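A quick write-up on the structure given underneath.
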There are 2 protein chains.
Amino acid sequence: MSVRLRPLQALKLWQEVGLATIRDHGVDLSARQAVILLTIYLEPPPHTVRGLASKLGVTKPVITRALNAMGDLDLVSRRRDPQDRRNVIIQRTVRGSLFVEQFGDLIVECAGTLPA
Amino acid sequence: MSVRLRPLQALKLWQEVGLATIRDHGVDLSARQAVILLTIYLEPPPHTVRGLASKLGVTKPVITRALNAMGDLDLVSRRRDPQDRRNVIIQRTVRGSLFVEQFGDLIVECAGTLPA
DNA sequence: TTTCCATGATACGGAGACGAAACAGTTAAC
DNA sequence: GTTAACTGTTTCGTCTCCGTATCATGGAAA
């Protein structure tokens with residue numbers, strides 16, 4: 001069952017959620033960081049720097065820096081792959097799971113108050 | 001009639017739309033710029049620098065700079081208010097309308113392909 | 001008129017992100 | 001064992017953005 005959404009509703013939803021995240025002044029991620037975080041938490045592991053860079057169409061340093069920033073916030077964690085020690089496996093954290101979950105709830109809440 | 005959306009669908013939708021905008025390499029606005037643009041095109045005019053700054057909870061230079069950037073892209077335009085020449089009235093443009101419209105369609109399209 | 005207050009724009013220093021290129025570490029090929 | 005290829009990271013110069021403070025202009029009040 002697909003989600004039915006009209007253009008005006010979609011735009012309003014984007015505006016409301018954007019407004020909420022800007023004004024909340026809590027953790028504010030850039031658009032790219034948000035997409036990286038969502039990819040890590042929504043798609044099946046394992047996730048690597050190269051894989052994420054390829055999927056998003058950006059360079060590797062972008063991923064490394066985003067992981068540094070989100071690592072400092074305890075939203076993701078990294079460890080070496082024991083099998084192939086060149087690889088870095090990106091792992092989820094408790095705080096990251098909570099953050100993503102709350103973000104999902106925020107969108108759902110905004111969607112619920114949308115006019116017909 | 002409110003829009004019904006489940007948390008996992010909402011998160012997937014955000015990821016898909018974010019992915020599309022990152023990879024398109026066309027016009028890429030910051031999160032703040034996007035919210036400003038949507039506010040201009042979704043809420044009834046007139047819009048002023050001060051009003052937008054207050055609504056978003058940011059300082060005035062942020063709005064001025066965003067309007068400069070989006071003005072260079074021909075997404076918005078500005079003119080002095082003839083009544084009170086201190087004010088600047090922010091106006092919509094053809095290109096901006098088209099851009100917002102296409103963005104709305106993108107969200108709707110992503111929503112339509114969402115799994116149950 | 002002169003003195004305030006309001007508006008939006010600019011100057012400035014600092015912080016952060018970008019891509020290209022060079023880097024250290026690991027594995028594979030020969 | 002040496003060379004080559006691949007991983008993620010760092011460096012570099014550049015660019016953009018931020019907030020504070022200041023500026024230039026226009027309106028309102030005395």
Next item on the list: Consider B:Q102 carefully, then state whether it is part of a helix (DSSP H, G or I), away from DNA strand D (no atom under 16 Å from the Cβ) and among the polar types (S, T, N, Q).
Entry: yes
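Could you check how many residues of region A:51-66 are in a helix (DSSP H, G or I) and among the hydroxyl-bearing types (S, T, Y)? Before you say what the answer is, go through the steps one by one.
First, the residues of region A:51-66 that are in a helix (DSSP H, G or I): A:51-56, A:60-66.
Add one more test, that the residue is among the hydroxyl-bearing types (S, T, Y), and what stays is A:54, A:64.
Qualifying residue count, region A:51-66: 2.
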Next item on the list: Scan (1) out of contact with any Cys (no Cβ under 7 Å at 6 or more places or on another chain); (2) charged (D, E, K, R); (3) part of a helix (DSSP H, G or I) for the single condition A:E16 breaks and write down its number.
Entry: (1)
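Could you grab me the full set of residues in region A:6-25 that are within 15 Å of the chain's Cα centre (by Cα) and either loosely packed, with under 15 Cβ neighbours inside 10 Å or of a type outside the set (S, T, Y) (or both)?
From region A:6-25, those within 15 Å of the chain's Cα centre (by Cα) are A:17-18, A:21; that's our starting set.
Result: A:V17, A:G18.
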Check: Do we find that A:V76 is within 30 Å of A:E16 (Cβ to Cβ) and surrounded by 14 or more Cβ atoms within 10 Å (Cβ to Cβ) in this structure?
Finding: yes
Checklist line | Number of the condition not met by A:A10 [criteria: (1) more than 7 Å from every other protein chain (Cβ to nearest Cβ); (2) within 30 Å of B:A53 (Cβ to Cβ)] | finding: (1)
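For (1) out of contact with any Lys or Arg (no Cβ under 7 Å at 6 or more places or on another chain); (2) at pLDDT 95 or above; (3) within 14 Å of DNA strand D (Cβ to nearest atom); (4) among the β-branched types (V, I, T), each residue gets a yes or a no:
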site: B:P61; (1), (2), (3), (4): yes, yes, yes, no
site: B:T64; (1), (2), (3), (4): yes, yes, yes, yes
site: B:D72; (1), (2), (3), (4): yes, no, yes, no
site: B:D84; (1), (2), (3), (4): yes, no, yes, no
Next item on the list: Give the number of residues within region A:69-99 that are more than 14 Å from every other protein chain (Cβ to nearest Cβ), more than 8 Å from DNA strand C (Cβ to nearest atom) and assigned to a helix (DSSP H, G or I).
Entry: 5
Item checked: Residue tally, condition of a type in the set (D, E, K, R) and more than 17 Å from B:I22 (Cα to Cα), over region A:25-73 -> 3
Check: When you look at B:V62, is it within 13 Å of chain A (Cβ to nearest Cβ), surrounded by 15 or more Cβ atoms within 10 Å (Cβ to Cβ), farther than 17 Å from B:S30 by Cα and without any contact (Cβ under 8 Å) to a residue 40 or more places away in the chain, yes or no?
Finding: no
Next item on the list: Return only the number of the condition from (1) of a type in the set (K, R); (2) closer than 30 Å to B:A116 by Cα; (3) at the interface with chain A (Cβ under 7 Å from one of its Cβ atoms) that B:R4 does not satisfy.
Entry: (3)
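Of the residues B:G51, B:G57, B:G18, only one is farther than 22 Å from A:T113 by Cα and at the interface with another protein chain (Cβ under 7 Å from one of its Cβ atoms); which? If you could, list the steps in order and put the result at the bottom.
Details: B:G51 fails: at the interface with another protein chain (Cβ under 7 Å from one of its Cβ atoms); B:G57 fails: farther than 22 Å from A:T113 by Cα.
Only one candidate qualifies: B:G18.
Within region A:26-50, take every residue that is outside any helix (DSSP H, G or I) and closer than 16 Å to A:Q91 by Cα and give me the one that is nearest to DNA strand C (Cβ to nearest atom).
Filtering first and then ranking leaves A:T48.
The values are calculated or read from the model by the stated rules, or taken from the named source; none is laboratory data. Keep in mind it's a predicted model, so treat the numbers as computed, not measured. Cβ: placed from backbone, ideal geometry, glycine included. Neighbour counts: every protein chain shown.
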